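Bear in mind that the values in this text are calculations on the coordinates, not laboratory data. Being a predicted model, the structure only gives us computed values, none of them experimental. Virtual Cβ from ideal backbone geometry, glycine too; neighbours counted across all protein chains shown.
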Amino acid sequence: MKASSQSLFSETDGSSTIIHADALAGMKSLNDGSVNSIITSPPYWGLRAYTNGDTLEIGIEPKLNAYIDNITSIFHEARRILADDGVLWLNIGDGFTSGGRKTRIPDNIASKNSARGKAYNRPDTPEGLKKKDMLGVPWRVALALQADGWYLRADVIWHKPNQMPTGNIYDRPQVDYEHVFMLTKSLKYKYNIEEGYERSATGVGYRQGRSIWDIPTESKKTGHPAVMPVALADKCIRLTTNEGDTVFDPFTGSGTTGIAALNLGRNFIGTELSGDFVSIACNRIHDETGVDSTIEEINSDNELVIK
Ligand SMILES: C[S@@+](CC[C@H](N)C(=O)[O-])C[C@H]1O[C@@H](n2cnc3c(N)ncnc32)[C@H](O)[C@@H]1O
């Protein structure tokens, strides 16, 4: 794994590899303990379709329990490839039951006539929930991962100061946050406490980092509908990795985690199901870090090969 060009922006020579594959299959090709930290945002349940109906896509399961089972299996494998002192930062947002509506409005990237646009069916209300109930997906996932063996160490609230209100909602507060769960493989792990220091509330001196992070959303036109702010990945990477470490993202999307990692002198490995998003991530990583990614895929013999 060697970047074919040196990063223009980071001091060290980080490498970037994107595996065009389902996250679970891609991780099977990686060695035990081979990544130092995982920073990721999986598809949220029932929110949008990212592919043209790929059956391995996460988030489109008709049943909430199936989504939680799939996510748990993926992060079970992620724990195997994570170093014993590694940390997983898992960004996940919530949603509401459909209230009886059957379809969604396609986003501005998947037109309503495309296969992706047509895949916008809302799942039925999960058993035990009612119309308009908040789903509680982030905590259901966090508790499932804890039961699977992860140490649940923090529930960071990512507060979005510039969040636009959702239309036609007059009977509850607008939601302007998501969760970023911090999960570890072991009791002891790498944590660079000094990277979290922030100005104290009085403005005099510094204090240990807190668990509500104010980070504006970014509205870059990347061609991907759900881009995480680079600043969010940057903060996680600083807290739990050092220069030269390897950061992994099973749901690479437009490559945000890779950009933050490479610009901090770390290496990046990611998996991504959609070929379109692999291309978008490679181009974006090149534009924002100067690093050319190696694209790999899994051949019919289940071997990882350069694409
Ligand atoms: C919320 S987006 C990630 C966005 C990313 N953090 C960014 O900033 O661009 C989730 C991504 O997971 C991908 N995905 C869905 N199912 C997958 C699977 N089984 N394996 C790998 N990637 C998958 C989708 O194509 C989508 O790009």
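Okay, here's what the table says:
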read-out: Loop chymotrypsin sites (Phe, Trp or Tyr not before Pro), segment 138-189, which have at most 15 other Cβ atoms in a 10 Å radius of their Cβ (DSSP); value: Tyr170
read-out: Neighbour-count ranking [beta-carbon atoms within 10 angstrom, fewest first] of His159, His286; value: His159, His286
read-out: Relative exposure of Val180, Val291, judged by other C-beta atoms within 10 Å (fewest first); value: Val180, Val291
read-out: For the chain, average projected area of the Cα convex hull in nm²; value: 16.9 nm²
read-out: Using θ = phi - 60° and Karplus 6.51 cos²θ - 1.76 cosθ + 1.60, couplings along segment 51-67 (whole Hz; Gly, Pro as x); value: 10, 8, x, 4, 5, 8, 5, 8, x, 9, 4, x, 10, 4, 4, 5, 4
read-out: Amide H within-cut-off set for Ile19, under 5 Å, with H built and near neighbours excluded; value: Gly270, Thr271, Glu272, Glu296
read-out: With at most 10 other Cβ atoms within 10 Å, longest stretch of the chain clear of loop GluC sites (Glu not before Pro) (DSSP); value: 128-302
read-out: Nitroxide proxy distance, nm - points 7 Å out along Cα→Cβ at Asp69 and Tyr177; value: 3.2 nm
read-out: Which of Ala147, Ile212, Phe75, positive extreme of dipole for the chain (C-beta unit charges); value: Ile212
read-out: Over the chain: helical MRE at 222 nm, DSSP H runs n ≥ 4 each giving -39500 (n - 2.57), nearest 500; value: -7000 deg cm²/dmol
read-out: Summed side-chain charge close to Gly258 - residues other than Gly258 whose Cβ falls under 13 Å, Lys, Arg +1, Asp, Glu -1; value: -4
read-out: Positive minus negative residues near Asp69 (Lys, Arg vs Asp, Glu; Cβ under 12 Å); value: 0
read-out: Order of Thr240, Thr202, Thr72 under a 10 Å beta carbon neighbour criterion, fewest first; value: Thr202, Thr72, Thr240
read-out: Using θ = phi - 60° and Karplus 6.51 cos²θ - 1.76 cosθ + 1.60, couplings along segment 180-185 (whole Hz; Gly, Pro as x); value: 10, 7, 9, 10, 10, 8
read-out: Whole-Hz ³J(HN,Hα) from phi, Karplus 6.51 cos²θ - 1.76 cosθ + 1.60, for segment 234-243, glycine and proline x; value: 4, 5, 5, 5, 4, 5, 10, 9, 10, 3
read-out: Under-5 Å amide H pairs with Thr246, H placed in peptide plane, nonlocal only; value: Asn36, Ser37, Asn267
read-out: Separation of the Asp155 and Lys132 label points, Cα + 7 Å toward Cβ, nm; value: 2.4 nm
